[in-house]
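Chemist: Provided herewith is a single structure, encoded as structure tokens, for subsequent inquiry.
Here, each number is a calculation from the coordinates, and none is a lab measurement. Owing to the predicted nature of the structure, the values given are computational and were not obtained by experimental measurement. As a convention, Cβ positions derive from the backbone with ideal geometry for all residues, glycine included, and neighbour counts pool all protein chains shown.
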Amino acid sequence: MTKILVIAEHNGAALNPSTAKCVACAAQIDGAAIDIAVLGASVAEVAAQAAQINGVSRVLTIEREENDPAVAAILAPQIVAMADGYSHVFGPSTAFGKDLMPRVAALLGVNQISDIMSVDGSHSFKRPVYAGNAIVSVEAPQDSVVVATVRTASYQAAEGGNSAPVESAAIDATIPSHTRFVELKTGSSDRPDLQAAAKVVSGGRALGSEENFGLIYDLADQLGAAVGSSRAAVDAGYVPPETQVGQTGQIIAPDLYIAIGISGAIQHITGIKDAGTIVAINKDEEAPIFEVADIGLVGDLFTVVPELTKALG
Ligand SMILES: Cc1cc2nc3c(=O)[nH]c(=O)nc-3n(C[C@H](O)[C@H](O)[C@H](O)COP(=O)(O)OP(=O)(O)OC[C@H]3O[C@@H](n4cnc5c(N)ncnc54)[C@H](O)[C@@H]3O)c2cc1C
């Protein structure tokens, strides 16, 4: 029987939409029974949100002080202890899942399947390679547990309306002492989350400075959009790394993506392949970004963007 354990991503109060996307992927496997594991210090609220996701049979919780904030080395052995009896363990292909799931796979002695973008069967999947320029079919062995990350940009979140039972999981796991949480340093922002935003405005190297990036923030504010960037803009110090979109940044699938002063390198494009409408503003009409853009505007961003922001205001 196919039994899938989906590892919930959350911040202690709210479930990340990546979890419902993993459930949508798991639900593509015929006859799968899907449970969600919620690990944290106090997870009643998050577990209640997980229980609402359609297709979920049970929500299993583990509450320990060490689980908040989530540290992969601490969570992994607990997930391994929970995984007994499951044929699959799925996590999201986000920073959280990319950190955690390889540890789970290693402790279970299996290879991880990364970035599932579609399901061909219980043990066969498709995933992108070469920055999304090729898609390979991967076959996992039938006789061992499948540990995988799900490419969240490939899935719509499973809908709500369910009321699955929530149970506390009794596990016996040794928590390692070699790794512990020390401190979290993160920028605080009231802006929409890049992963979940319906609209994203991104800026590239052409902005030229941190100060000039204000043009991107102003336009994003008018649109209620999240702010993204190219790696060149991050490397130049114009914006923090968590804004980077692309192969080594975030893979996103907003309804609207506006790329400003971004050339459209394949490593950037791989992060926006699943975006609904792509708008590009670039002064070079030969820029590769125009090959993937639905709407292209050839012009100087320092003229076009303030005008656009003003027109929307
Ligand atoms: C292993 C690897 C992983 C990578 N991962 C990523 C990744 O995750 N994300 C990512 O983005 N990149 C990534 N890169 C880098 C990528 O190859 C490019 O170097 C980068 O995306 C370029 O950023 P950019 O488009 O901002 O800069 P550029 O390539 O310098 O492009 C700037 C663009 O702005 C335009 N422009 C200049 N002035 C103006 C103006 N005044 N008005 C309008 N347009 C103007 C130019 O015509 C040009 O097209 C990766 C590279 C490698 C090797």
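Chemist: Along the charge dipole of the chain, which of 12, 97, 44 sits closest to the positive end, that is, farthest toward it, with unit charges on the beta carbon of Lys, Arg, Asp and Glu (+1, +1, -1, -1)?
Modeler: So the residue we want is 97.
Chemist: Of the residues 303, 243, 94, which exhibits the maximal mean-square fluctuation in a Gaussian network model of the chain defined by a 10 Å Cα contact cut-off?
Modeler: Sorting by GNM fluctuation, first place goes to 303.
Chemist: What shape does segment 72-156 take by its C-alpha gyration tensor, where a ≥ b ≥ c are the square roots of the eigenvalues and a/c under 1.5 counts as rounded, a/b above b/c as prolate, and the rest as oblate?
Modeler: The shape class here is oblate.
Chemist: When the chain is modelled as a GNM with alpha-carbon springs shorter than 10 Å, which of 166, 182, 59 fluctuates the most?
Modeler: Evaluated over the chain, the most mobile residue of the options is 182.
Chemist: Distance from the Cα centre of segment 4-82 to that of segment 151-209, in angstrom?
Modeler: Result: 12 Å between the Cα centres.
Chemist: Subtract the Cα-Cα distance of residue 167 and residue 198 from 0.36 nm times their separation in residues, and report this length gain in nm to one decimal.
Modeler: 7.8 nm
Chemist: Measure off 7 Å from each Cα along the Cα-to-Cβ vector at residue 311 and residue 95, then give the distance between these two points in nanometres to one decimal.
Modeler: Output for this residue pair reads 3.5 nm.
Chemist: Could you check which residue among 180, 231, 205 shows the biggest mean-square fluctuation in a GNM of the chain with a 10 Å Cα cutoff?
Modeler: Answer for the Gaussian network model of the chain: 180.
Chemist: Something else about it: Taking θ as phi - 60°, what are the ³J(HN,Hα) couplings along segment 149-163 by the Karplus curve (6.51, -1.76, 1.60), each to the nearest whole Hz, with x for Gly and Pro?
Modeler: Residue by residue, segment 149-163 yields 9, 10, 6, 5, 5, 8, 10, 7, 4, 4, 6, x, x, 7, 9 Hz.
Chemist: Sort all Cα-Cα distances of the chain into consecutive 10 angstrom bins from zero, then give the percent of pairs in each bin up to the one containing the longest distance.
Modeler: 6, 26, 30, 23, 12, 3, 0
Chemist: Suppose every K and R has +1 on its Cβ and every D and E has -1 on its Cβ; what is the size of the dipole of the chain about the Cα centre, in Debye to the nearest 20?
Modeler: Result for the chain is approximately 340 debye, rounded to the nearest 20.
Chemist: What is segment 190-313 by shape, rounded, prolate or oblate, if you read a ≥ b ≥ c off the alpha carbon gyration tensor as root eigenvalues and call it rounded for a/c under 1.5, prolate for a/b larger than b/c, and oblate otherwise?
Modeler: The shape class here is rounded.
Chemist: Also, quick follow-up: Would you kindly state the longest site-free stretch of the chain, with sites defined as GluC sites (Glu not before Pro) in a DSSP loop (not H, G, I, E, B) surrounded by at most 10 other Cβ atoms within 10 Å?
Modeler: 1-182
Chemist: Counting other C-beta atoms within 10 Å, which of 35, 255 has the fewest, and how do the rest follow?
Modeler: So the ranking, lowest neighbour count to highest, is 255, 35.
Chemist: Right, here's the next one. Treat every Asp and Glu Cβ in segment 1-74 as -1 and every Lys and Arg Cβ as +1, leave all other atoms uncharged, and give the resulting dipole magnitude about the Cα centre to the nearest 20 debye.
Modeler: My answer is approximately 260 debye.
Chemist: For the charge dipole of the chain, defined by +1 on Lys and Arg C-beta atoms and -1 on Asp and Glu C-beta atoms about the Cα centroid, which residue among 138, 33, 256 has the Cα displaced farthest towards the positive pole?
Modeler: 138
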